[in-house]
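Q: Structure in structure tokens, see below.
The values are calculated or read from the model by the stated rules, or taken from the named source; none is laboratory data. Model, not experiment: these values are computed from the prediction. Please note: Cβ atoms are built from the backbone with ideal geometry, for glycine as well, and neighbour counts cover all protein chains shown. For the accessible areas, the whole protein counts, side chains as well, though only heavy atoms, and no ligand, DNA or RNA atoms are used. Shrake-Rupley method; radii C 1.70, N 1.55, O 1.52, S 1.80 Å.
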Amino acid sequence: MPETPEDAKVPSGTAAKGGTPENGTKTENAGGRASDASGGTPAGARAPDDAETILDVKNLSFYYGENKALIDVTLPIRKNRVTSLIGPSGCGKTTLLRCFNRMHDLYPGNRYTGEIFMNGANILEKSVDIIALRSALGMVFQKPTPFPMSVFDNIAYGLKLKNIKNRNTLAEKVEKALRDAALWEEVKDRLKENAAGLSGGQQQRLSIARTLAVEPLVMLFDESTSALDPISTQKIEDLMVELKSRMTIVAVTHNMQQAARISDYTALMYIGSLVEYDVTETIFTRPKHKMTEEYVSGRFG
């Protein structure tokens, strides 16, 4: 894989430079009033468990052509924690998630302003190696995305892109990824079969295993359980919680109960702005903003 230029590299094992502003970020809520998006926990302050910040979003705006979809978002993503992005449809949570691994770059006319720091480097700089970035920040989409090939080759695909060719090494890494995704026992005798023959829940865990195989620092989940049955959903939720000991999880969800179950931190977004960010328990039991209280209690959205 090509090496990222030294001044734009996304190195592993170090914390992001600088914090978000100590007084949080001022955003406008639905009524046009400025609100402190830190929700009582200053965005630049340490988390209660003193977790590091691995992704530091600072004054981020994003445009689909002339349409401003994100408005001056400032948000810390804590290392080895699960952060849920919640909010009604069209609020900008998936748009924000896709900024982290530059998925928007695939379409002409999209543009960013502001910064996202990861391990001291602004990942929005043009000099950043996008392939390396997307290996470091893997994404699992709402709909399972098995490639039209065998189960084994699905998992081995990204490894081969990283120039891992040895068959024994590939076999070891494929098995490890499938075990990590809680799928090995179900497919160990079907590795040569086409992945399209798996159930929906199995295909989604296959997508997770394919991402895990390249050992990302951050996993991005875009409503990855919304189309699954309750049993498959529980397996993936359990997996997210287990994985945070080794990597950082950012998950977009419409399911309030899911956010409360799996996440350490929660951010509420509305019409492109960050309304409130805090420890999940605080968001659901003692929110600082009326809009947050109304949303998590089901009064709108």
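Q: Only one of (1) assigned to a loop (DSSP other than H, G, I, E, B); (2) open to solvent by less than 50 Å² (accessible area, probe 1.4 Å) fails for residue 204. Which number is that?
A: (1)
Q: Exactly one condition in (1) part of a loop (DSSP other than H, G, I, E, B); (2) on the phi < 0 side of the Ramachandran plot; (3) within 19 Å of the chain's Cα centre (by Cα); (4) at pLDDT below 95 is not met by residue 90; state its number.
A: (2)
Q: Just to be sure, is residue 250 assigned to a strand (DSSP E or B), within 24 Å of residue 79 (Cβ to Cβ) and touching a residue at least 40 places away in the same chain (Cβ under 8 Å)?
A: Taking the combined requirement at face value, the residue satisfies it.
Q: Within region 176-193, identify whether any single residue is at pLDDT below 95, under 14 Å from the mean Cα position of the chain (by Cα) and assigned to a helix (DSSP H, G or I), and answer yes or no.
A: No: region 176-193 contains no residue that is at pLDDT below 95, under 14 Å from the mean Cα position of the chain (by Cα) and assigned to a helix (DSSP H, G or I).
Q: With the condition kept exactly as written, say whether any residue in region 159-168 is of a type in the set (A, V, I, L, M) and at pLDDT 95 or above. Even if it seems obvious, please write down each step before you answer.
A: Going through region 159-168, the residues of a type in the set (A, V, I, L, M) turn out to be 159, 161, 164.
In the following step, the residues that additionally are at pLDDT 95 or above were identified as none.
There is no residue in region 159-168 that is of a type in the set (A, V, I, L, M) and at pLDDT 95 or above.
Q: Something else about it: Checking residue 242 against (1) open to solvent by 30 Å² or more (accessible area, probe 1.4 Å); (2) farther than 30 Å from residue 284 by Cα; (3) in contact with a helix residue (DSSP H, G or I) (Cβ under 9 Å, 6 or more places away or on another chain); (4) without any contact (Cβ under 8 Å) to a residue 24 or more places away in the chain: exactly one of these is not met. Which one?
A: Against the list (1) open to solvent by 30 Å² or more (accessible area, probe 1.4 Å); (2) farther than 30 Å from residue 284 by Cα; (3) in contact with a helix residue (DSSP H, G or I) (Cβ under 9 Å, 6 or more places away or on another chain); (4) without any contact (Cβ under 8 Å) to a residue 24 or more places away in the chain, residue 242 comes up short only on (2).
Q: Just checking, which of 248, 233 is modelled with pLDDT of 95 or more and not aliphatic (A, V, I, L, M)? Steps first, please.
A: Working: 233 fails: modelled with pLDDT of 95 or more.
So the residue among 248, 233 that is modelled with pLDDT of 95 or more and not aliphatic (A, V, I, L, M) is 248.
Q: Still on this structure, please answer the following. Residue by residue through region 274-291, note down the ones that are in contact with a helix residue (DSSP H, G or I) (Cβ under 7 Å, 6 or more places away or on another chain) and assigned to a strand (DSSP E or B). Outline the logic, then answer.
A: First, the residues of region 274-291 that are in contact with a helix residue (DSSP H, G or I) (Cβ under 7 Å, 6 or more places away or on another chain): 275-276, 280, 283-284, 287.
Of everything in region 274-291, those that are in contact with a helix residue (DSSP H, G or I) (Cβ under 7 Å, 6 or more places away or on another chain) and assigned to a strand (DSSP E or B) turn out to be 275, 276.
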